[in-house]
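No lab work stands behind these numbers, since they all come straight from the coordinates. Predicted, not measured: the structure shown is a model, and the values here were computed from it. No Cβ is skipped: glycine too gets one built from the backbone with ideal geometry, and neighbour counts run over all protein chains shown.
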Amino acid sequence: VDNYPNPFTQSTTIRFNTAGGYTLIQIMNTLGQVIATPVDKEFATAGNYTVVWDAANLANGVYYARFQNGQVQQVRTMMKVR
């Protein structure tokens with residue numbers, strides 16, 4: 001999982017590769033609180049996907065994208081700036 005642009009100002013596109021099946025992407029703040037869930041669904045087909053996360057109403061700072069698909073779990077750092 002990764003995102004572009006990073007750092008971003010208003011929104012960022014999250015790219016991920018799923019093996020199919022249940023896939024979850026959660027956005028967390030620095031306190032570990034889940035503030036958004038851009039992906040929470042079953043994928044019938046494995047492949048590369050993208051989702052746009054709109055963070056225009058959030059404060060500048062560091063956020064984390066947590067990706068989970070089967071046994072695979074990844075966390076990536078994202079930076080929101082002015």
To the nearest 20 debye, what is the magnitude of the charge dipole of the chain about its Cα centre, counting +1 on the Cβ of each Lys and Arg and -1 on the Cβ of each Asp and Glu? 200 debye
Using +1 at the C-beta of Lys and Arg and -1 at the C-beta of Asp and Glu, which of P7, V75, T50 has the Cα lying farthest in the positive direction of the dipole of the chain? P7
Can you compute log10 of I(q)/I(0) for the chain with the Debye formula, treating each Cα as one identical point scatterer, at q = 0.22 Å⁻¹? -0.99
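What relative contact order, as a whole-number percentage, does the chain give when Cα pairs under 8 Å and 6 or more residues apart are counted?
Details: 192 pairs, mean separation 29.9, N = 82.
Normalised by residue count, the contact order of the chain is 36 percent.
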